[in-house]
Structure formats: C-alpha cells, structure tokens
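Only the coordinates and a few stated rules stand behind these numbers; no lab work does. Predicted model, so just to flag it, every value in this text is computed and none were measured. Methodologically, a virtual Cβ is constructed for each residue, glycine included, from the backbone with ideal geometry; neighbour enumeration extends over all protein chains shown.
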Amino acid sequence: MIELILHPGHPKCGSTTIQDFLYANRLVLKDRGIFMPDSDFNFPCNKAYRINRTHTPRDFIEKVINGDLNINALEKKIDDFLITAEDQGCKKVIITAENLVNAIGSPKLKAIHSLFSTRFSKVKVVYYIRDQRELLLSAWQQWGHKKGETLDAYIDKMINTNFGDYVFVTEQLSNYYPNAELKVCSLDKKHLIKKNLTIDFCTRAGINNNGLKLFLEASNEGLSSAICESLTKIYTIYESPHTQKIKNTILASAPNSQNLISKKYAITLSFDLTKKIEDRFLESNLALENMYYSGRSVFPSSKKNITQSTESEMSLLQQRIEKLEDLVAIQMNMLLKISEKN
C-alpha cells in the first residue's frame, strides 16, 4: 500500500523551507522508498522523470487548475506510476505545492484533491498555519507592495477573503480526504518539535529523519517592511508580482547590508491593523484551536487583550525613525558600491 503524504502548503507558511529540505534530501528519500514527482508530475517509472526537478510539481498543477491541461493528464501520470510503484520499492509519495490551497473550494482544485484521495487509500495531510498578523504582513511584502498597495489597503482587501481563514481551508481538506490523518500545525517555533520546521515536518509526516540534512539556510526571505514601504511608491519597476529581480538587484547593490535588507522589526502592525485582523479571525481561530489544539492558544491574535496607549504610539514613531535610518544605511552602501565600479 502506497501512502500519500500531502503538504498543501499555505502561502507564506514555511512551504519553501519544507520544499528545499525535501529537495536537498531527494536522493536519500528515494533510496528509502519515498518518492516525489518532478515538476512535470513524472515519477521514476516514467522515462521522462528528472530527479533534479523534484522541488515541487506546482507548475504542472497550475496548468490543470488554469485549464491548460485536462485533469486526465494528471490522472494518467498517477495511474501509470501506481502500476509499478511497489515493484520499484516505493512506500510513500510526497506531494507539496502551495496552489493546492489557493482557491481550494474551486471545482478544478476539488477535482485534483478528489483524484489524490481516490488513488491513495492511506493519506496523511500536513498543513501548516501561522498567526494572521504575520501571514498578511509577509504576503504584502511578497506580493502586495509590488502592485503599489499600501499595507493598510492590502490588509483591508485580504481580510475580506478566505486567505487567512484556516478553518475554511481545513474544512475543505477534511471533506476531500475524509479518511485521512489530517494534522494542522502551528508555524510558531514554540509549537514546533525541537523548534525546527524540518524536524517537525518529518515527525508529523512519519519520515525517519536520521541521516537527513535537517538544517538549511532560511528560505525565501523577503525584503524588510521598510524597503517595501518605499517600493510601494515606485511599484511600476516590477514586471510582475512574482518577480524576484528587484530583490536580487538590491541584494547585489548593497552586499554589506544583507541583515538590514531582510530585517524584521519589533512592531509589525499598528494598533488599528491589529484590531482589524483580530476582529476578522478571532472566532475562527478559537474554533480551530478547540478542534486541533485542545483549546491551547496557538494564535496570539485569538486573545482579546490588545490595548492602545500613548506608549505604543511612541514605539511606532521610534520604529519609523529606525526604518528611515536603515534605509539611509542601505542607500549609502549602494552609493559606495557604485563608486567602487567607477
């Protein structure tokens, strides 16, 4: 019996780190009978299979979602694989892709999950989540500011969607995989096993981590909120919300400012934004905690204890000054780099 380990990675919830970990260990995992499809959803039984393209099958899944490929193409790849999978020594299959969560209620995505559910009789679903304040800030840094949206405008828009509503996603996953072992896991370090995401993933997915490369450099780090706030004003420099060109240019132009470029600030959101997020997700967060965490609080935003004070407003002002000082330091680094070339 081939077991499916499904990691429907919620965007901005550690998905790239898990995928980098799996890719770094792909040869060892394959030798242990843990197979992953390549980017074209080919498995080892297929002559077109390329193990060096097993980071994630996200692009192939996107083509099915968009209608560029019929779901029958995905069905055939899975069926052809399963015919000889056990003979090849396969015991587990790992499928990880963020777009398995995006628009999870859509008919095409429902069809993909239904296909997985019917083809694998044993399924583990490992789904990571994080506090929505961190989620929405990180998503704005990744995509929102590239469209010229301020943080306030982006959060106003996103809290009216299901993007941060983990209960909605969890209910859909439960419906698609009624007999699966569904694990909803907090990305907060204090809730991770040994405070390490890759160890936590292996434990929850039932993967023996002995001999695996567990500690990787931080994956997919974004630009600091200070830089993003500035770039919002000149967002037309971005070719698309998914490009990394500007980020790479900044990193190359200010090589001595790496820590400032990806700096995380002590105060992430204003009182007003924090209150909006709390009001939107309080009820669903409490329901999720009661359902999957036995009432233990894993979301700081599920505690109604936020108060506004003059002291907090002063802290925001002090941080604003800190951000401006950091931006000046980064720009100075860029100027010195340019002068070296001349």
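Name the shape class, rounded, prolate or oblate, that the alpha-carbon gyration tensor gives for the chain, where a ≥ b ≥ c are the square roots of its eigenvalues, rounded holds for a/c under 1.5, and otherwise prolate holds if a/b is larger than b/c and oblate otherwise. Prolate, since a/c reaches 1.5 and a/b exceeds b/c. Determine the shape class of segment 85-223: with a ≥ b ≥ c the square roots of the Cα gyration tensor eigenvalues, call it rounded for a/c under 1.5, and otherwise prolate if a/b is greater than b/c, oblate otherwise. Cα axes put segment 85-223 in the oblate bin.
Here's the picture: a label point sits 7 Å out from the Cα of Lys122 along the beta-carbon direction, and within segment 189-215 the residues with their amide nitrogen under 14 Å of it are 205-208. Counting charges near Arg58 (Lys, Arg +1; Asp, Glu -1) among other residues having Cβ under 12 Å from its Cβ returns a value of -3. Looking at the chain, what % of its DSSP beta bridges pair antiparallel, to the nearest 5? Counting DSSP beta bridges with both partners in the chain, the antiparallel share is about 0 percent. Here the 3J(HN,Hα) profile of segment 178-184, calculated from phi with Karplus coefficients 6.51, -1.76 and 1.60 at θ = phi - 60°, is x, 9, 7, 8, 9, 10, 9 Hz, Gly and Pro shown as x. Charge dipole (Cα centre; +1 on Lys/Arg Cβ, -1 on Asp/Glu Cβ; no other charges) of segment 184-270 amounts to roughly 240 debye. Neighbours of Gly211 by Cβ distance under 11 Å: Lys/Arg scored +1, Asp/Glu scored -1, total +1. Residue exposure proxy: Met291, Met314, ordered by other Cβ atoms within 10 angstrom of their Cβ from fewest to most, comes out as Met314, Met291.
The label point for Arg32 and the one for Glu86, both projected 7 Å from the Cα toward the Cβ, are 2.2 nm apart.
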